[in-house]
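To start, the structure under review is shown below, and the notes come after it.
The values are calculated or read from the model by the stated rules, or taken from the named source; none is laboratory data. Just so we're clear, the structure is a prediction, and the values are computed from it rather than from any experiment. Please note: Cβ atoms are built from the backbone with ideal geometry, for glycine as well, and neighbour counts cover all protein chains shown. Note: areas computed on protein heavy atoms with side chains; ligands, DNA, RNA excluded. Shrake-Rupley method; radii C 1.70, N 1.55, O 1.52, S 1.80 Å.
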Amino acid sequence: MTDDNNTYLNGGLILVVTLLVAKLISTLVMRRSKGRLPPVVKAWPPLVGGLMRFLSGPVVMLKEEYPKLGSVFTLKLLTKNITFFIGPEVSAHFFKAPESDLSQQEVYQFNVPTFGPGVVFDVDYSIRQEQFRFFTESLRVNKLRGYVDQMVVEAQEYFSKWGDTGEVDLKYELEHLIILTASRCLLGEEVRNKLFDDVSALFHDLDNGMLPISVLAPNLPIPAHRRRDKARKKLAAIFASIIDSRRQSGKSEHDMLQCFIDSKYKDGRPTTKDEVTGLLIAALFAGQHTSSITSTWTGAYLLTNPQFMSQVVDEQKNILKQHGDKVDHDILSEMEVLYRCIKEALRLHPPLIMLLRQSHADFSVTTREGNEYDIPKGHIVATSPAFANRLPHIYKDPDTYDPDRFAPGREEDKASGAFSYISFGGGRHGCLGEPFAYLQIKAIWSHLLRNFEFELISPFPEIDWNAMVVGVKGKVMVRYKRRQLLVE
Ligand code: HEM
C-alpha cells in the first residue's frame with residue numbers, strides 16, 4: 001500500500017469515527033433533553049384527545065392531572081403544546097419574563113377584530129407598552145378620585161328607582177349598573193347621557209362576536225363576526241364625532257376618553273381617533289364583565305355567610321359614625337373588611353380562568369416537587385387563576401369562603417410569596433384596572449349595605465364555565481327591603 005492510500009484510509013477512518021461519536025453524543029443529549037421535558041397529559045384518541053380534554057373543561061383537566069403529574073406538565077393540543085405552570089413556586093417566569101421570551105401578542109390575537117386596528121395586540125410591543133402607559137395614567141389616584149364621585153352618584157340614582165320591598169335578579173341589576181358606571185367614567189357623559197342605548201347595543205354585538213370559535217378563527221365569516229365588525233365600525237364613527245366636538249368646543253372632561261384624547265406617544269404623536277376608540281373598547285372588555293361578575297359573587301357569598309355579612313355591616317356603621325353618609329375615594333379605601341370579602345369571592349371565582357403566553361426561547365424550571373424540566377421555545381405556556389387560587393398548600397380549606405384568610409396575622413396569599421393570588425394576574429402584565437375595579441364594587445356594595453336588607457331566594461349560584469369570561473350561571477334572585485343603617 002502506498003503512503004497516499006494510507007493517508008486516505010486514515011482520513012476515512014477518522015471521519016467515520018468522528019461521525020459515530022457525534023451521533024452518539026447527539027443521541028445522548030437528545031435522550032437527556034427528552035428526559036427533561038415535562039410529563040405529558042394522557043389523552044385518547046391520539047391527535048384530537050388533548051383538544052377534547054381541553055374543550056370538555058380545562059379546569060377539570062387540571063384537577064385530574066395536577067395530582068398525577070405535578071406543578072408543570074404539557075397538554076398536546078393538535079399541533080400545539082400547552083405547558084401549564086401551577087402555583088407560585090413555578091410561575092415567576094410566566095409573570096416576569098420579558099416579552100422577547102414570553103409574549104401575549106400571538107395568543108391574544110383573537111381580540112384584534114373586536115378592539116380594532118392599531119391598538120393593543122395589533123401593534124408591536126414597544127407601541128403597546130406606550131398604550132398601556134396611557135391606561136396607567138388614566139387610572140392614577142388623582143383620576144380615580146373623580147371616577148369614584150361618579151360611581152357613587154350612579155349607584156345612588158340606580159337604587160333610588162327600587163321600591164321599598166321587592167324581588168330582583170341581582171346579577172342583572174349589577175351588570176346593568178356597572179355598564180352605566182363604566183359608560184360615565186370611561187366613555188364619557190355624551191355616551192352616558194345621550195347615546196347610552198345605541199352604544200350599549202353596539203357593545204352587545206361586540207360581546208356576542210367573541211365566541212370560543214373566535215379564539216381559533218377570529219375572522220371566520222359567521223353572522224356573529226359580521227355583526228361584530230359592523231358594530232366596531234359604528235362605534236368608531238360615534239367616538240370620532242364625540243372627539244371632534246370636544247376638540248372644536250375646547251371642552252375637557254374628567255373621563256378615560258379625555259385621557260386617551262390627550263395622550264401622546266414618546267415621539268410627540270397624538271393618538272388617532274381610531275386608536276382612542278380601540279383603547280376604550282379594550283378597557284370596557286377588560287373591566288366590565290370581570291367587575292360585574294365579582295360584584296355578584298360577593299353578594300351571593302355575603303348573603304349566605306351571616307358571620308361576614310354582620311362584619312361588613314358593622315364596618316359600614318363605624319364608617320358612617322366617622323364620616324356621616326359621605327362616600328369618596330379615601331372613605332372607600334378604609335373599607336378593609338369589605339375589601340377582603342370581595343377579594344375572597346374573586347379568589348374562588350376569578351373570571352379569567354386561563355392566562356396564556358407564547359414562548360420564544362427555551363427555559364428551564366424546577367418544580368415544587370424538585371424535578372427540573374426544559375421548556376422548548378414554541379410551546380404555549382399557561383397558568384390558571386381558577387385552579388391555582390385554590391391550592392391547599394397555600395390556602396387553608398381552599399374551597400371555603402373565608403375572607404379572614406387575608407386579615408393581618410394570617411395573610412395566606414402573602415405567606416407563600418408572590419403569585420399566590422393571581423385573579424388579577426401579576427408581574428409584567430398585572431391588571432392595570434385593579435384599584436378601579438375594587439372602588440367600583442365597594443361603591444356599589446357600601447350603598448347596598450347601608451340602604452337595604454337582603455335575602456337570597458334562589459339556590460346558591462353555579463359557575464357558568466361555558467362563558468368566555470367565566471361568571472355566574474342563571475339568575476341570582478334576592479328579596480330586598482329598604483332600611484337605613486342605624487348608627488348609635
Ligand atoms: C374584577 C375585575 C378585574 C379582573 C378580575 C381583572 C383581571 C385581569 C387579569 C387576570 C389580567 C392579566 C391578563 C394576563 O396576564 O394575561 C388583567 C390585565 C389587564 N386589565 Fe384587568 N381585571 C379586572 C378589571 C379591570 C378594569 C376595570 C380595567 C380597566 C378599566 C382593567 C384593565 C386591564 C388591562 C389594561 C390589563 C392589561 C395589562 C398588561 O397587559 O400590561 N382590568 N386583568
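Miscellaneous remarks
- Check on SER359, within 16 Å of the ligand (Cβ to nearest atom), modelled with pLDDT of 95 or more and touching a Pro at 6+ places or on another chain (Cβ under 9 Å): yes
- Qualifying residues in the stretch 182-205 (those that are open to solvent by less than 30 Å² (accessible area, probe 1.4 Å) and within 16 Å of the ligand (Cβ to nearest atom)) - the one nearest to THR290 (Cα to Cα): ALA182
- Residue within the stretch 362-378 that is open to solvent by less than 30 Å² (accessible area, probe 1.4 Å) and under 27 Å from PRO435 (Cβ atoms) present: no
- Within the stretch 84-114, the set of residues being among the hydrophobic types (A, V, I, L, M, F, W, C) and either within 11 Å of the ligand (Cβ to nearest atom) or surrounded by fewer than 18 Cβ atoms within 10 Å (Cβ to Cβ) (or both) comprises ALA92, PHE94, PHE95, LEU102, VAL107.
- Residue list for the stretch 155-176, restricted to those being in contact (Cβ under 8 Å) with a residue 60 or more places away in the chain, farther than 21 Å from SER458 by Cβ and open to solvent by less than 70 Å² (accessible area, probe 1.4 Å): ALA155
- Only residues that are among the hydrophobic types (A, V, I, L, M, F, W, C), outside any loop (DSSP other than H, G, I, E, B) and open to solvent by less than 30 Å² (accessible area, probe 1.4 Å) were counted across the stretch 128-154, and they come to 6.
- Yes/no for PHE308 being open to solvent by less than 60 Å² (accessible area, probe 1.4 Å), touching a Cys at 6+ places or on another chain (Cβ under 9 Å), at pLDDT 95 or above and of a type in the set (Phe, Trp, Tyr): yes
- Looking only at the stretch 399-424, and only at residues there that are open to solvent by less than 20 Å² (accessible area, probe 1.4 Å) and assigned to a loop (DSSP other than H, G, I, E, B), the one that is nearest to PRO350 (Cα to Cα): SER423
- Of everything listed in (1) farther than 27 Å from PHE121 by Cα; (2) surrounded by 13 or more Cβ atoms within 10 Å (Cβ to Cβ); (3) more than 16 Å from the ligand (Cβ to nearest atom), the single unmet condition for TRP445 is (3).
- Criterion: open to solvent by less than 20 Å² (accessible area, probe 1.4 Å) and within 24 Å of the chain's Cα centre (by Cα) - qualifying residue of PRO351, PRO392: PRO351
- The condition (being among the aliphatic types (A, V, I, L, M) and in contact with a Lys or Arg (Cβ under 8 Å, 6 or more places away or on another chain)) is satisfied by just one residue among LEU37, LEU75: LEU75.
- Selection status of VAL72, closer than 28 Å to PRO218 by Cα and either assigned by TED's automatic domain parsing to the domain that holds SER214 or more than 13 Å from the ligand (Cβ to nearest atom) (or both): no
- Checked against the criterion of being under 18 Å from THR304 (Cβ atoms) and either hydrophobic (A, V, I, L, M, F, W, C) or in a helix (DSSP H, G or I) (or both), the stretch 479-488 contains not a single residue that satisfies it.
- Against the numbered list (1) among the aliphatic types (A, V, I, L, M); (2) open to solvent by 10 Å² or more (accessible area, probe 1.4 Å); (3) touching a strand residue (DSSP E or B) at 6+ places or on another chain (Cβ under 9 Å); (4) within 16 Å of the ligand (Cβ to nearest atom), ALA300 comes up short only at (2).
- For the stretch 379-398, the set of residues classified as away from the ligand (no atom under 14 Å from the Cβ) and either part of a strand (DSSP E or B) or under 19 Å from THR294 (Cβ atoms) (or both) consists of ARG390, TYR395, PRO398, listed by residue number.
- Each residue in the stretch 35-57 was checked for being open to solvent by 30 Å² or more (accessible area, probe 1.4 Å) and in a helix (DSSP H, G or I), and 6 pass.
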